[in-house]
1. With a cap of 14 neighbouring Cβ atoms within 10 Å, and only residues DSSP puts in a loop, list the GluC sites (Glu not before Pro) found in segment 221-297.
2. Tell me, in nm to one decimal, what length is gained between residue 384 and residue 104 on full extension, where the rule is 0.36 nm per residue of separation less the Cα-Cα distance?
3. Do any GluC sites (Glu not before Pro) in segment 331-409 lie in a DSSP loop with no more than 11 other beta carbon atoms within 10 Å, and if so, which?
4. Work out from phi, with θ = phi - 60° and the Karplus expression 6.51 cos²θ - 1.76 cosθ + 1.60, the ³J(HN,Hα) of each residue of segment 171-182, listed in order in whole Hz, and give x for Gly and Pro.
5. Within segment 21-55, report the GluC sites (Glu not before Pro) that DSSP leaves as loop and that have at most 13 other Cβ atoms within 10 Å.
6. Among 182, 147, 249, whose Cα lies farthest out toward the positive end of the dipole of segment 116-258, if unit charges sit on the beta carbon of Lys, Arg (+1) and Asp, Glu (-1)?
7. Which aspartates and glutamates, on any chain, are close to residue 704 with Cα under 13 Å apart, when same-chain ones fewer than 8 places away are left out?
8. Using a 1.4 angstrom probe and counting only protein chains, how large is the accessible area of residue 147 in Å², to 10?
Amino acid sequence: MSEVISREWEESFEEIFEGAVDESNPPVKLFEKAYDGAVIATSYAEILLNQALRKYGPEQPVGYPETGYYLPVIRALSGEEVTKLSDLPPILNRMRDQIYEEPTFYNARLCGEATAYAAEMIEVLHYLEGDGFHVEPWTGFLGDPIVRRYGILLVDWTIPGQAVIVGKAKSTEDLAKLVQDLQAKGFMIFLCNEVIEQALEANLKMGVDFIAFPLGNFTQVIHAVNYALRAGVAFGGITPGNRQENRDYQRRRVRAFVLQLGEIDEVKVAAHFAAIFLGFPVITDQELDEDHQIPNWYVSNPNYEDILKVAMELRGIKLKITEIPVPITVGPAFEGEAIRKGDMHCEFGGTKTTAFELVESVGENELEDGKVEVTGPEIDDVEEGGRVPMGLVVKIFGRKMQKDFEGVLERRIHDFMNYGEGLWHMAQRDTIWVRISKDAKAKGFKFHHFGELLVAKLKDEFPSIVDRVQVDIITEEQKVEQELERAREFYNERDEKLRGMTDESVEEFYSCSLCQSFAPNHVCVVTPERLGLCGAVSWLDAKASNEIDPNGPNQPIKKEGLIDAEKGIWESVNEFVYLNTNRSIEESSMYSFMDRPMTSCGCFECIMAIVPEANGVMITTREYGGDTPCGMTFSTLAGTVGGGVQTPGFMGHGRAYVLSRKFISGDGGLARLIWIPSELKESLGEELKKRAEEDGLGADFIDKIADETVGTTADEILPFLEEKDHPAMKMDPLM
């Protein structure tokens with residue numbers, strides 16, 4: 001039966017190549033080059049393999065770092081688990097046996113497959129030798145964590161496609177323009193050979209955070225192929241060894257193409273047919289005669305102005321691109337860009353200045369569509385390294401816009417700003433932290449361009465609910481403070497809506513993956529009684545977001561398979577978290593910070609930490625930069641807790657979570673709170689007293705909580721806690 005299925009798959013997949021070649025005038029010379037190149041590649045692999053066998057012996061282990069897929073090309077296409085040198089000769093011999101000299105399109109594709117196998121073997125032997133082929137600036141093999149981070153985005157077309165650029169462009173400027181265009185469109189990019197040097201010369205942003213990988217030279221291009229195949233196996237559910245189904249999945253879902261720049265030799269042609277074998281077309285900038293081309297598969301296009309357009313047409317990639325009138329490149333490729341202090345021109349917020357952002361729904365006569373106004377200093381008025389207050393007010397009119405959608409659109413400001421090359425945005429509401437790089441400023445970026453970017457992106461991403469947009473940017477300190485008070489009225493009104501809801505009253509929770517660009521292994525689980533740790537995404541916000549975009553960052557999670565009611569552990573939540581944290585977090589509890597706590601990204605408003613000496617928990621905030629009883633400041637804790645790791649005894653969270661009835665209820669609840677900064681104590685004020693009374697702790701409980709005026713070490717606050725008879729001192733041990 002398996003042979004029949006395999007044959008059916010082969011016939012189905014091979015149909016895509018039917019009629020591509022004019023049988024009366026086939027490109028014989030091209031096919032002959034593929035044959036010669038495959039012979040050269042497999043012969044070179046044989047030479048290196050024989051040398052390795054003599055040097056290390058047949059039992060020598062071989063493999064790539066950070067992968068469970070053995071040699072991924074071989075594993076995906078044949079199912080074989082290569083673990084030692086002696087596994088390779090029979091595979092190589094089998095591949096050499098399928099290299100047929102008869103110049104046909106079918107045989108050329110088989111030559112391509114053999115060349116891919118040979119390249120995989122050559123590369124793993126380079127790793128065995130440790131010959132320096134995979135050191136900076138080259139990435140070489142990309143481990144499974146990177147596949148988990150971007151693979152699902154590649155196959156669900158969030159990343160529209162995979163561009164493999166090999167060879168050497170006509171000029172550094174041409175290469176820079178091509179790569180920047182790809183980045184602006186959100187493509188995953190792989191570079192090989194001289195284009196890497198050209199990219200470095202052009203100071204292009206490359207690396208994991210920019211989804212642009214300088215693989216290396218020669219056979220290192222195979223790492224683009226083994227990445228794509230692992231994405232298919234991991235996220236397409238394709239069984240390793242199901243050769244034709246894997247090929248079909250690559251053609252349908254990965255949407256890769258090869259841009260061959262510069263001269264072409266026989267080995268390159270064989271490699272090109274490896275791409276075609278998997279369903280990836282090849283477009284070259286070389287002038288080729290018609291008898292050296294294959295329509296839709298092997299195409300000559302010397303014009304750099306439209307070479308990408310042609311590639312996208314061949315792969316059926318259609319993008320809705322909105323022109324954004326800003327002097328920097330805008331695209332998801334820059335979402336993970338970090339701007340260090342030494343690289344920034346200026347910053348807003350981050351406890352250094354007052355800063356906030358607000359989206360409000362208004363009537364059609366209350367705004368001027370497309371208007372962007374800056375009140376206060378512009379960027380040219382700010383010296384390098386300066387700090388500026390900022391109020392960002394986005395007014396939206398839409399005939400289908402709802403007030404409940406305000407918070408949803410407000411949270412997307414985080415994404416849209418981070419799409420800008422040289423822009424960095426963290427947190428939300430009145431805790432935002434924004435930086436502009438020196439490079440962005442040098443390119444002409446102004447404060448008003450924030451507004452231009454937001455107008456374009458909000459209309460582009462939410463056309464069904466956003467009709468008109470106006471952005472007011474305030475950098476005048478007194479005006480910022482005034483508008484902040486008004487903004488907080490909006491925040492409080494949103495929070496108040498949620499107060500009567502409980503986790504038990506709903507049938508589903510919601511995820512939030514908005515911060516995965518900074519923490520790819522993190523996902524928030526938002527419940528009525530536990531808002532997102534950023535403090536801005538409530539259960540109602542997440543529900544509204546899912547209504548707006550059912551495929552967006554907020555997905556429903558049914559409450560099914562209760563495991564532990566006290567700690568808040570469900571089978572369905574565990575499964576969702578596991579699949580959406582790149583399979584790094586197997587279990588997560590909603591109500592405990594000691595036992596399998598939820599992960600943290602970096603946008604948290606607060607961080608809690610255990611204080612063992614007091615048998616309780618302390619909380620510090622982004623606004624408080626001083627020492628704390630756990631021995632770490634907020635920034636030090638953030639480096640420990642953030643990034644999507646699960647750290648029992650530590651956890652990021654929102655300020656309002658302290659007032660939740662589910663506040664670490666699995667660990668004893670509010671009674672465990674022994675230290676908070678005075679600013680947080682004052683801001684929670686009467687609401688914290690009310691919560692304490694509801695928990696039977698008494699209205700004076702807030703007076704039993706230490707702050708920095710009492711002390712900032714465990715030794716300093718213990719006498720105070722004992723004197724106040726704090727309940728945590730008599731509770732069951734946390735550890």
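1. 263, 287
2. Extra length from residue 384 to residue 104 when fully extended: 94.5 nm.
3. Sites meeting the loop and neighbour criteria: 364, 383, 384.
4. In residue order, the calculated couplings are 7, 4, 5, 4, 5, 4, 5, 5, 5, 5, 5, 5 Hz.
5. Passing both the DSSP loop test and the Cβ count: 23.
6. 249
7. 722, 723, 725
8. Taking all protein chains as shown, residue 147 has close to 0 Å².
The values are calculated or read from the model by the stated rules, or taken from the named source; none is laboratory data. This one's a predicted model, so the numbers in the text were calculated from it and none came from an experiment. With ideal geometry, Cβ positions are generated from the backbone for all residues, glycine too; neighbour counts draw on all protein chains shown. With ligands, DNA and RNA removed, areas are computed over all heavy atoms of the protein, side chains included. Shrake-Rupley method; radii C 1.70, N 1.55, O 1.52, S 1.80 Å.
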